[in-house]
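Participant: One structure, pasted below without further comment.
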Amino acid sequence: MDGFTNQLGIPPSNICVVVLADGLGDQLLAAHSGHARFLAGAWRRRGTAHVLDTGAPTTTASSLASLGTGLPPGQHGLVGYDVLAPELGRVVNMLGQWDAAVDPHAWQPYRTVFERAATLGAKVVTSSRPKFRQSALTQAALRGGEFVGAETIEQRCVLAAEWIRTQRKTAGSIRHGAPDPLMVYLYVDELDKTGHKAGVGSEAWLRMLETLDSAVARLAGQLHQQYGDQATVVLTADHGMVNIAEDRRIDITGCRELLDGVSHTGGEPRFLQLYAEDPHCAEHIAARWTQAYGDQAWVVTREQAVDAGWFGAVEERVLPRIGDVLVAVHTDLALFHTERTGEAPLKMIGQHGSLTEAERRVPLLELTNRGFTE
């Protein structure tokens, strides 16, 4: 489509379906390919698979905002799961518990990909859970186009196919004039939720992977049969996931030395963001955390992370939302601050947020066997 750069080599088509499988890291697909034979076929086939880097942090709010805007976290501003809102003086959530005092449109002011596509003449729809229709994250980063909602993966795929059918005649039928381009965003969160609760590779998680695989296989096959090369279906993810044993889920609430000089904590258990009472003390805080966890985590100051490009180009309005010190775990460890979060997150087996390859690397699969262009 004019106005966009096809950096990923998506094959030319005027019907494009993007499936976002929350939590399906590239290593997870590789390790459990027997339970996802359709997806694994594309993953193994030359020309139909890429591996993408989600950037930092590897958390849903940040990654979906990057998908929805085409911008890095340092520009769209959703730089973590829980982050400091400097103007409010408190930590706010960027996912399901968005602070009522935070305006999603002001927090993320750029036009979304959906809005831009609609302006250029495309028809756009999101197929997701009904509760996400008016969610703050949707308003901030995924706004634009129509919305159809269903509670199961299979139903969302059916709704996507039905919406396309209402917009487009099947291949070989008579039409007048060029068809409007169609863009479908299909969101699947079941795999991520199951991984958090039961762990990746668990029986429940494998069943969910099989459900995803069969539903997407039917959708891609149906669209290819009806519309031929007019249609392309691609699948990607927002992050991977790792299992953390119960005795490796550490509550830092009582660690006074580590929290001395820290006014707020944010981020994820595998990507802590520490906000200093005095920003000039950030290096001292980082030194204490390095002494405690330097062999298990990358401990850096905000300036070091920004210089290293963790968040992409960072705008001035976004900079204070990022922690003065960042603790990105690279071993089988997760760090919780239950004084802020409560104890419920300690029960989560599957975790993500950090910069390991297991969490950062995700597949991009072309599922109609057309192949990516060079």
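Participant: Within the chain, how many lysine pairs that are 8 or more places apart, or on different chains, have C-alpha atoms less than 20 Å apart?
Facilitator: 4
Participant: Here's something else I'd like to know. Could you give the angle, 0 to 90 degrees to the nearest 10, between helix 203-227's Cα long axis and the longest principal axis of the Cα atoms of the chain?
Facilitator: So the helix axis and the longest Cα principal axis differ by about 30 degrees.
Participant: Which residues' amide hydrogens lie under 5 Å from the amide hydrogen of V17, considering only partners 5 or more residues apart or on another chain, with H built in the peptide plane?
Facilitator: Residues meeting the amide H criterion: V184, T232, V233, V234.
Participant: Separate question: HN-Hα J couplings of the stretch 36-49 from phi, Karplus 6.51/-1.76/1.60, θ = phi - 60°, integer Hz, Gly and Pro as x?
Facilitator: Once θ is set to phi - 60°, the couplings for the stretch 36-49 become 9, 5, 5, 5, 5, x, 5, 5, 8, 6, 5, x, 10, 9 Hz.
Participant: Over the stretch 83-146, what is the mean sequence separation of C-alpha contacts under 8 Å (at least six apart), divided by residue count, expressed as relative contact order in percent?
Facilitator: Result for the stretch 83-146 is 37 percent.
Participant: Here's another thing I want to ask about it. Given Cα pairs under 8 Å that are at least 6 residues apart, what percent is the relative contact order of the chain?
Facilitator: 31 percent
Participant: Of the residues L88, L142, L346, which exhibits the maximal mean-square fluctuation in a Gaussian network model of the chain defined by a 10 Å Cα contact cut-off?
Facilitator: Between L88, L142, L346, it is L88 that shows the largest mean-square fluctuation.
Participant: Okay, next question. If amide H atoms are built 1.01 Å from N in the plane of the peptide, which residues on other chains or at least 5 residues away come under 5 Å of the amide H of F147?
Facilitator: So F147 has HN proximity to T126.
Participant: Measuring from centroid to centroid over Cα atoms, what is the spacing of the stretch 288-322 and the stretch 206-260 in Å?
Facilitator: 26 Å
Participant: Right, something else. Give a quick list of trypsin sites (Lys or Arg not before Pro) in the stretch 283-333 that DSSP marks as loop, anything other than H, G, I, E or B, with at most 15 other Cβ atoms within 10 Å.
Facilitator: Qualifying residues, ordered by number: R317.
Participant: Which value, in debye to the nearest 20, gives the size of the charge dipole of the chain about its Cα centre, when Lys and Arg are +1 and Asp and Glu are -1 at the Cβ?
Facilitator: That gives a dipole near 1580 debye.
Participant: Kindly write out, for the stretch 118-135 in residue order, the coupling ³J(HN,Hα) from the Karplus curve 6.51 cos²θ - 1.76 cosθ + 1.60 (θ = phi - 60°), rounded to whole Hz, with x marking Gly and Pro.
Facilitator: So the J values, rounded to whole Hz, are 5, 4, 8, x, 7, 9, 10, 9, 10, 10, 8, 5, x, 5, 8, 4, 10, 5.
Participant: How do 152-165, 331-344 rank on mean C-beta neighbours within 10 Å, highest first?
Facilitator: Per-residue mean Cβ counts within 10 Å order the peptides as 152-165, 331-344.
Participant: Separate question: Quick check: the angle from helix 282-293's long axis to the longest principal axis of the chain, C-alpha only, nearest 10 degrees?
Facilitator: That works out to roughly 80 degrees.
Participant: So what are the ³J(HN,Hα) numbers for the stretch 300-306, from phi and the Karplus equation (6.51, -1.76, 1.60; θ = phi - 60°), rounded to whole Hz, Gly and Pro as x?
Facilitator: Values, residue by residue: 9, 7, 4, 4, 5, 5, 5 Hz.
Participant: Quick one: of the DSSP bridges fully inside the chain, what percent are antiparallel, nearest 5?
Facilitator: In the chain, approximately 50 percent of DSSP beta bridges are antiparallel ones.
Participant: While we're looking at this one, here's another question. What fraction, in whole percent, of alpha-carbon pairs in the chain exceed 28 Å separation?
Facilitator: The answer is 45 percent, as a whole percent.
Participant: By DSSP, what percent of the beta bridges with both residues in the stretch 229-374 are antiparallel, rounded to the nearest 5?
Facilitator: Looking only at bridges with both residues in the stretch 229-374, the antiparallel portion is about 85 percent.
Participant: Calculate the spin-label point distance for Q155 paired with L88, positioning each point 7 Å from the Cα along the beta-carbon direction, and give it in nanometres.
Facilitator: About 3.1 nm separates the two model spin labels.
Every read-out reported here was derived from the displayed coordinates using simple, explicitly stated rules and does not represent laboratory data. All of these numbers come straight from a predicted model, not from anything done at the bench. Here the Cβ is made from the backbone with ideal geometry for all residues, glycine too, and neighbour counts use every protein chain on show.
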